[in-house]
1. Being surrounded by 17 or more Cβ atoms within 10 Å (Cβ to Cβ), in contact with a Pro (Cβ under 9 Å, 6 or more places away or on another chain) and not in a strand (DSSP E or B) is the filter here; which residues of the range 82-128 pass it?
2. What pairs can you find where one residue is in the range 78-101 and in contact (Cβ under 8 Å) with a residue 12 or more places away in the chain, the other is of a type in the set (D, E, K, R) and part of a helix (DSSP H, G or I), and their Cβ atoms are less than 7 Å apart, with a gap of 6+ or different chains?
3. Could you tell me whether residue 135 is assigned by TED's automatic domain parsing to the domain that holds residue 178 and buried (at least 17 other Cβ atoms within 10 Å of the Cβ)?
4. Go through the range 229-278 and give me each residue that's assigned to a strand (DSSP E or B), of a type in the set (Val, Ile, Thr) and touching a helix residue (DSSP H, G or I) at 6+ places or on another chain (Cβ under 9 Å).
5. Restricting to the range 303-333, and then to whatever is modelled with pLDDT of 70 or more and aliphatic (A, V, I, L, M), can you tell me which residue is farthest from residue 254 (Cα to Cα)?
6. Exactly one of these conditions fails for residue 341: (1) within 30 Å of residue 139 (Cβ to Cβ); (2) modelled with pLDDT under 80. Give me its number.
7. Is there any pair linking a residue in the range 159-175 that is surrounded by 12 or more Cβ atoms within 10 Å (Cβ to Cβ) to one that is polar (S, T, N, Q), with Cβ under 8 Å and at least six apart or on different chains, and which?
8. Return the pairs, sorted by first residue and then second, in which the second residue is of a type outside the set (A, V, I, L, M, F, W, C), the first residue lies in the range 328-339 and is assigned to a helix (DSSP H, G or I), the beta carbons are less than 6 Å apart, and the residues are 6+ apart or on different chains.
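The values are calculated or read from the model by the stated rules, or taken from the named source; none is laboratory data. Note that the structure is predicted; figures quoted are calculated from it, not measured. Glycine gets a Cβ as well: all are built from the backbone with ideal geometry, and neighbour counts include every protein chain shown.
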Amino acid sequence: MRKQRLAERLAAAERRSAEVDERARRDATEAARLRDAIEALPHAVVVCDIAGNIVLRNRRSLDLEGGRHAAALVERAVEEVVAAGGGTRPVTQTLELHGPPPQALQVTATPMGRADRSSGTVVLVDDVSELRRLEAVRRDFVANVSHELRTPVGAMGVLAETLADERDPEVMRRLATRITAEAERAGRLIDGLLDLSRIEAAGLHGSRRVDVGSVVHTALERVGHLAEQVGVELVARTGDADLAVEGDENQLVSAVVNLLENAVKYSDERSDVEVSVVTSASGWVDVTVRDRGIGIPAKDLERIFERFYRVDRARSRETGGSGLGLSIVRHVATNHGGEVLVESQEGIGSTFTLRLPYS
């Protein structure tokens, strides 16, 4: 009897031991899964216990970009948000690192567990630099659009008020002509904005092989009337090669049209604008537009592809430029895996090259 009870106790002990082992195995599995999940997060993560001591962190929190000084600043920010929250409330702090490159890091401490019984704090360090940049771009874009539209709309309002009180037919005709010109200017700006928005959003959905010679021919037809008006000759040197690229024909035509229009508008009367198409041994197709116009100052070359940026605002007003053309060209080049290059010298002229991968 005694032996039987002893055997039962041993069996029970073995079962309990097996249950403990199984529980430990499950806990180890859960801990490993939790660590893998934390490592997979795109943020730096630091977990602290109720006393504020670090008990777990992922690799992203160990190799924060910016060097030792930046890492020290982040560590201090983590300590500060954990202490400020006290394991009971979320706290956020934004850290500005001057770089280079400059960074904006958002450090957020969130308590774990119930409100009445915290089990510690989890801290996320998120790089919000790109978000900040996009917000700045959006603000600048809205401000620029408002400013650019206010000018022609305001002019139309003043001209219309003057026209309402005018009785001289000749003056009325001139005022009506000015109103029409301002309305066309506003229309060109809106069309440019729509084109830019469409090109930015479209990417290369439904791309196909596009004949580059056909693109250039279509662009020349569209710009031909403008060139005749200002007395500029368009010269095409596309060669006999059958060159094609993978892409969107409408986008490519739009890019070449914008390059040609800029070249024509900023060229002197009786000068010429040359467009050529060549291929290189490295696998690129270059569509080059060369003018002998006023050129671009060296200090402006880095900014000419920004939206609404214009080198000569007075000349842009005369020609009806919106400052969106080169931005459209840059986005088309990016969509097609290419780039746009520029060489320019004041008083001599400019050369723009739309470089596309050969298909």
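1. Of everything in the range 82-128, those that are surrounded by 17 or more Cβ atoms within 10 Å (Cβ to Cβ), in contact with a Pro (Cβ under 9 Å, 6 or more places away or on another chain) and not in a strand (DSSP E or B) turn out to be 85, 87.
2. That search, which allows pairs on different chains as well, returns 93/80.
3. On the way: assigned by TED's automatic domain parsing to the domain that holds residue 178: yes; buried (at least 17 other Cβ atoms within 10 Å of the Cβ): no.
Spelling it out, it is not the case that residue 135 is assigned by TED's automatic domain parsing to the domain that holds residue 178 and buried (at least 17 other Cβ atoms within 10 Å of the Cβ).
4. Within the range 229-278, the subset assigned to a strand (DSSP E or B) is 233-237, 244-247, 272-278.
Those still in the list that are of a type in the set (Val, Ile, Thr) too: 235, 245, 273, 275, 277-278.
Scanning the range 229-278 gives 245, 273, 275, 277.
5. Going through the qualifying residues, I end up with 304.
6. Answer for residue 341: the failing condition is (2).
7. Partner pairs satisfying both residue conditions: 175/162.
8. 328/195; 328/258; 329/258; 331/200; 332/251; 333/339; 335/203
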